[in-house]
Amino acid sequence: MIKTKSVTLYHITQTLKSPFISSIGHVTDRDSILVEMTDVDGVSGWGEVVAFSTPWYTEETIATSFHLLKDILIPLVKTESIIHPDQLQSIFKHVKRNFMAKASLEGAVWDLFAKKQNKSLAHALGGDKTEIESGVVVGISSIPKMTEQISQYVEEGYKRFKVKISPHQDIELIEGIRRKFPNLPLMADANSSYSLKDIDRLKALDQFELMMIEQPLAADDIVDHAKLQQKLATPICLDESIVTSEDARKAIELGSCRVMNIKPGRVGGLTESKKIHDLCKNHHIPVWCGGMLETGISRAHNIALASLSNFTIPGDISSSSRYWDEDLVFPEIKTVNGKITVPSGNGIGFEVRRDVIEKYCDSVTII
Ligand SMILES: O=C(O)CCC(=O)c1ccccc1C(=O)O
Ligand SMILES: [Mg+2]
């Protein structure tokens, strides 16, 4: 049983090693809110808000998440005795959307719950893989720079490579990469930069045998994606369009995709992530875990989630050093020979480094 004593929110800002560029947004300084929930027995669980400072990827921001946590979600949780983290869905049932805010607090509860059960978060979620395969994302730049980056990541052992595309940079880019790496496990993420009018451009990509195209069409669409999937040989993977397990059910029913990307933040937490995972597994839709340029805390949650059996495709979970000079967790999260070991220690299985948090922390709020 978890009875909350306090929840501490740490607002931190870290600068990415190099700016992250996609078709819809640039990130140079990464703001995050770390959520530490301490219960009356003195055990702490950790979560992270993965929203950005502006609403370019989803409608949430760091500021909206802070408001939701402080004024609505934490007060709701503080009055409850929690037996299982799944309960948070009913505790939050009158709070619409705000998935990333909910996921951060739910993540802290999952970590705390696993720690109190003397289980790893992976085991608490029902995952039994001891290692997960690691993929990496190459941001938008010139084609020579991107191929150069890919060569470096190939050397580092990554198992899957993702590039960002848009109607301004697609066929030529993929052709350039394929010329140098004919058999690379390669995929492209469009972040909703196409419409059905671009169908010929998208069909032209079929010749390059990409593993999948991620989110070609609008975030709020699953109908046009179904039409597009019928015309494309390349599997479509949905990211932004899936924010609940109901969205996942409808997308599967319509045939809007053949693969799904799951990000706990986007779907409101690990409980909903698991539901989507289970649903996809029953319908033979493979899933992989997406990334949000997050710190080691959210990466640790992602690793635990990706230890579930239907995460059969390497996700966007890369070494912390891909984005950060210094990780917030110990030991540092590292891809070795394209794999990351799923920790066996209790909860997230990593120690949170308070000394590093302090270095990047702008403000602390205790509720
Ligand atoms: O390496 C990562 O963390 C994932 C990079 C990435 O593609 C991404 C990063 C931020 C927001 C959205 C996306 C995306 O998957 O669309
Ligand atoms: Mg994406």
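The values are calculated or read from the model by the stated rules, or taken from the named source; none is laboratory data. Model, not experiment: these values are computed from the prediction. Backbone-built Cβ (ideal geometry, glycine too); neighbour counts: all protein chains shown. The accessibility values were calculated without ligands, DNA or RNA, using every heavy atom of the protein model including side chains. Shrake-Rupley method; radii C 1.70, N 1.55, O 1.52, S 1.80 Å.
What the table shows:
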{"quantity": "Antiparallel content of DSSP bridges confined to the chain, in %, to 5", "calculated": "60"}
{"quantity": "Förster radius 35 Å - calculated FRET efficiency between ARG354 and THR244 (Cβ-Cβ, nearest 0.05)", "calculated": "0.50"}
{"quantity": "Two-site label geometry, GLU253 and THR13: point separation in nm, points 7 Å out along Cα→Cβ", "calculated": "4.6"}
{"quantity": "Cα gyration tensor category, rounded, prolate or oblate, for the chain with a/c compared to 1.5", "calculated": "prolate"}
{"quantity": "Charge-dipole axis of segment 251-367 as Lys and Arg at +1 and Asp and Glu at -1 on Cβ define it, positive-most pick from SER273, SER307, HIS284", "calculated": "HIS284"}
{"quantity": "ASP200 accessible area, assembled protein chains, probe 1.4 Å, Å²", "calculated": "110"}
{"quantity": "Accessible area, probe 1.4 Å, largest first, for residues ARG97, ARG30, ARG353", "calculated": "ARG97, ARG353, ARG30"}
{"quantity": "Of LYS96/LYS274; LYS159/LYS263; LYS263/LYS339; LYS17/LYS203; LYS119/LYS263, those spanning more than 25 Å from alpha-carbon to alpha-carbon", "calculated": "LYS17/LYS203"}
{"quantity": "Max mean-square fluctuation residue, GNM over the chain, Cα-Cα springs under 10 Å, options SER320, SER65, SER141", "calculated": "SER141"}
{"quantity": "Spin-label pair ARG97/LYS119, simplified geometry with 7 Å Cα→Cβ offset, distance in nm", "calculated": "3.3"}
{"quantity": "Residue-averaged 222 nm ellipticity for the chain, from DSSP H runs of 4+ at -39500 (n - 2.57), nearest 500", "calculated": "-9500 deg cm²/dmol"}
{"quantity": "Mean-position separation - Cα centroids, segment 136-167 and segment 299-350, in angstrom", "calculated": "20"}
{"quantity": "Accessible area per residue in Å² at 1.4 Å probe, computed on segment 30-121", "calculated": "38"}
{"quantity": "Whole-angstrom gap from segment 82-135 to segment 32-63, using each part's C-alpha centre", "calculated": "13"}
{"quantity": "Fraction of accessible area attributable to carbon and sulfur, the chain (%, probe 1.4 Å)", "calculated": "51"}
{"quantity": "Longest site-free stretch - the chain; sites: GluC sites (Glu not before Pro), DSSP loop, at most 16 other Cβ within 10 Å", "calculated": "81-208"}
{"quantity": "Probe 1.4 Å, accessible area per residue of segment 124-351, Å²", "calculated": "38"}
